[in-house]
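**Q** Attaching a single structure in structure tokens format; questions to follow.
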Amino acid sequence: MTFEALGLHSSILKALTEAGYTKPTPVQEQAVPAALQGRDLMVSSQTGSGKTAAFMLPALHKFAEAELEAQPGAKTSNQERQSARSRGERPRFQPAQPKMLVLTPTRELALQVTNATDKYGSNLRRVRAVSILGGMPYPKQMQLLSKNPEILVATPGRLIDHMESGKINFSQLEILVLDEADRMLDMGFIEDIEKIVEATPETRQTMLFSATLDGVVGNMAKRITRDPLVIQIASAGNKHENIQQRVHFVDDLSHKNRLLDHLLRDATLDQAVVFTATKRDADTIADRLNIAGFAAAALHGDMHQGARNRTLDALRRGQVRVLVATDVAARGIDVPGITHVVNYDLPKFPEDYVHRIGRTGRAGRNGLAISLVNHAENINIKRIERFTKQLIPVDIIEGFEPKKTASAPRSARKPGGWKPGDNRSNSKPGQRTFSKPGAPRKEGSGGFNKGSRFGDSGGNRRSFGDH
Ligand code: ADP
Ligand code: MG
């Protein structure tokens, strides 16, 4: 399958060649033809599978066609604005009337979508995409909106502000995209999203992308789409087969920090993201790594937008080698140079583990995801394994052996070997299978509920990730 065969406009094909894309990814192969026909979509597929192009290429194609069909001499609303200005009339305030709106959970993701759009649309002169984001200076936002861009990429909160003050009007909207819809709901944006959808014409095309289409997100998706094509890309990809995962047990903080330094000196490491539980830890660890000679930087939600953008730019340019980040700040970061992800602290939710490790192994490259875990956190690793239906091998590095090896049930699991009697041990290393739902489990746990917080189901609850 080729991009030509999908029926895309030649100027888009040219941009894709320039971007080095040779063929569509599976999600693009399925989504693009349907979207070109104007169908609504509900799509679930893993991070890094190329969802941005899946919705943006058909949209750009539509705008490219409209550009060709436009009557020569017919004035666009933008040209009318211009000529009013050149006649010396004080430009009357006119709200922006975008044709396409992409909603994303975070500012970083919005910027990434805008950048990708600029790339895919680099040969379409008249199509402009802008991001409207919290933290951006107000005059700058007004300046962007006054250009009446065709494509608006925004986080829900800030968009609502502009809608309510009459700066944006969605009466001309043709395409609505919800990117990472599940994350937006997790972040509490459901009411904002409903309000925004309400303000758009019913005739719009709606495309929704999410890691899952179950539960709340599935219900919302059904409400806001019409006769959608449901695309669920097989879960082989969800297993992150190109990403190697490892657990290292640590005795205490000093052991953890020494091991982190060692791991970051790995010769195969190009760039790394280190995840911490708190914003303060992100700052502290970034400072410490800088002193130790790593080009490190922190990224978290307390930083000003400008500082966050500068950090991400520096990461993309390779000036930052180690990004120390919290979950929300790092969501959706797509930097191909990231070869390593280190969980300095484990995430609160197993879903976040999957999002974290997805920062590496972008576009099919190989990646390594390492979790630094104290013995008490073994239960949380088990929950992650149950969620991902994959076992994470334990690794021990010479000179960094954990002292404590006896108490944790898992500690007998040396790399490449399983404790006899472990119900997962009957398969050979490398062929280990995860026990099927319903199979007897030693832990006797009530199973893992999606979205539930980690907690020891054995009653011995511990606070998690706050050290
Ligand atoms: P997702 O939104 O599914 O996480 P992205 O749209 O961010 O994925 O794409 C992930 C990476 O893959 C990006 O670096 C993007 O440039 C690249 N990519 C997307 N489609 C293709 C393709 N057809 N060929 C090669 N690389 C691609
Ligand atoms: Mg994406």
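**Q** Determine the pairs where a residue that is closer than 16 Å to His262 by Cβ, located within region 390-402, has a partner that is modelled with pLDDT under 95 and of a type in the set (S, T, N, Q) with Cβ atoms under 8 Å apart, the partner being 6 or more residues away or on another chain.
**A** Listed by first residue and then by second, the contacts come to Pro402/Ser411.
**Q** Which of the following residues is at pLDDT below 95 and surrounded by 17 or more Cβ atoms within 10 Å (Cβ to Cβ): Gln71, Gln46, Gln82?
**A** Gln46
**Q** Can you pull out every residue in region 317-334 that is more than 17 Å from His300 (Cβ to Cβ) and either touching an Asp or Glu at 6+ places or on another chain (Cβ under 9 Å) or within 16 Å of ligand 2 (Cβ to nearest atom) (or both)?
**A** Answer for region 317-334, where residues must be more than 17 Å from His300 (Cβ to Cβ) and either touching an Asp or Glu at 6+ places or on another chain (Cβ under 9 Å) or within 16 Å of ligand 2 (Cβ to nearest atom) (or both): Gly318, Gln319, Arg321, Asp334.
**Q** Mind checking which pairs have a first residue in region 141-154 that is without any contact (Cβ under 8 Å) to a residue 40 or more places away in the chain and a second that is of a type in the set (A, V, I, L, M, F, W, C) and open to solvent by less than 40 Å² (accessible area, probe 1.4 Å), Cβ under 6 Å, 6 or more apart or different chains?
**A** That search, which allows pairs on different chains as well, returns Gln141/Ile132; Leu144/Val130.
**Q** Regarding Ile384, is this residue within 16 Å of ligand 1 (Cβ to nearest atom), within 18 Å of Thr276 (Cα to Cα) and modelled with pLDDT of 90 or more?
**A** Considered against the rule, which asks whether it is within 16 Å of ligand 1 (Cβ to nearest atom), within 18 Å of Thr276 (Cα to Cα) and modelled with pLDDT of 90 or more, Ile384 comes out as no.
**Q** Pull up region 94-110, narrow it to residues that are out of contact with any helix residue (DSSP H, G or I) (no Cβ under 7 Å at 6 or more places or on another chain) and not in a loop (DSSP other than H, G, I, E, B), then point me to the one that is nearest to ligand 2 (Cβ to nearest atom).
**A** Leu109
**Q** Does Val113 satisfy being within 14 Å of ligand 2 (Cβ to nearest atom), out of contact with any Leu (no Cβ under 9 Å at 6 or more places or on another chain), open to solvent by less than 40 Å² (accessible area, probe 1.4 Å) and within 24 Å of Asp40 (Cα to Cα)?
**A** Spelling it out, Val113 is indeed within 14 Å of ligand 2 (Cβ to nearest atom), out of contact with any Leu (no Cβ under 9 Å at 6 or more places or on another chain), open to solvent by less than 40 Å² (accessible area, probe 1.4 Å) and within 24 Å of Asp40 (Cα to Cα).
**Q** Among the listed residues Asp302, Asp345, which satisfies the condition of being crowded, with 21+ Cβ neighbours inside 10 Å and more than 16 Å from ligand 1 (Cβ to nearest atom)?
**A** Within the list Asp302, Asp345, the selection yields Asp345.
**Q** Please count how many residues of region 116-138 are of a type in the set (Gly, Ala, Ser), within 15 Å of ligand 1 (Cβ to nearest atom) and surrounded by fewer than 23 Cβ atoms within 10 Å (Cβ to Cβ).
**A** 2
**Q** Any idea which residue in region 277-291 is farthest from Asp352 (Cα to Cα), counting only those that are touching a residue at least 12 places away in the same chain (Cβ under 8 Å) and of a type in the set (D, E, K, R)?
**A** Arg288
**Q** Taking strands (runs of 3 or more DSSP E) that fall entirely within region 175-268, which contain at least 1 residues that are surrounded by 22 or more Cβ atoms within 10 Å (Cβ to Cβ), charged (D, E, K, R) and touching a Leu at 6+ places or on another chain (Cβ under 8 Å)?
**A** Filter on region 175-268 gives an empty set.
**Q** Has region 326-339 got at least one residue that is farther than 21 Å from Ala116 by Cα and open to solvent by less than 10 Å² (accessible area, probe 1.4 Å)?
**A** No, region 326-339 contains no residue that is farther than 21 Å from Ala116 by Cα and open to solvent by less than 10 Å² (accessible area, probe 1.4 Å).
**Q** For region 11-18, state whether one or more residues are assigned to a loop (DSSP other than H, G, I, E, B), away from ligand 2 (no atom under 16 Å from the Cβ) and either in contact with a strand residue (DSSP E or B) (Cβ under 6 Å, 6 or more places away or on another chain) or modelled with pLDDT of 95 or more (or both).
**A** Taking every residue of region 11-18 in turn, none turns out to be assigned to a loop (DSSP other than H, G, I, E, B), away from ligand 2 (no atom under 16 Å from the Cβ) and either in contact with a strand residue (DSSP E or B) (Cβ under 6 Å, 6 or more places away or on another chain) or modelled with pLDDT of 95 or more (or both).
**Q** Continuing with the same structure: Please name all residue pairs, on different chains or six or more residues apart, with Cβ atoms under 8 Å, provided the first residue is in region 169-187 and is without any contact (Cβ under 8 Å) to a residue 40 or more places away in the chain and the second residue is open to solvent by 20 Å² or more (accessible area, probe 1.4 Å) and not in a loop (DSSP other than H, G, I, E, B).
**A** Listed by first residue and then by second, the contacts come to Leu185/Val216.
The values are calculated or read from the model by the stated rules, or taken from the named source; none is laboratory data. It should be emphasised that the depicted structure is a prediction, and the values quoted were computed from it without experimental measurement. Note that each Cβ is placed from the backbone with ideal geometry, even for glycine, and that neighbours are counted across all protein chains shown. Ligands, DNA and RNA are excluded from the accessible area calculation, which covers all protein heavy atoms including side chains. Shrake-Rupley method; radii C 1.70, N 1.55, O 1.52, S 1.80 Å.
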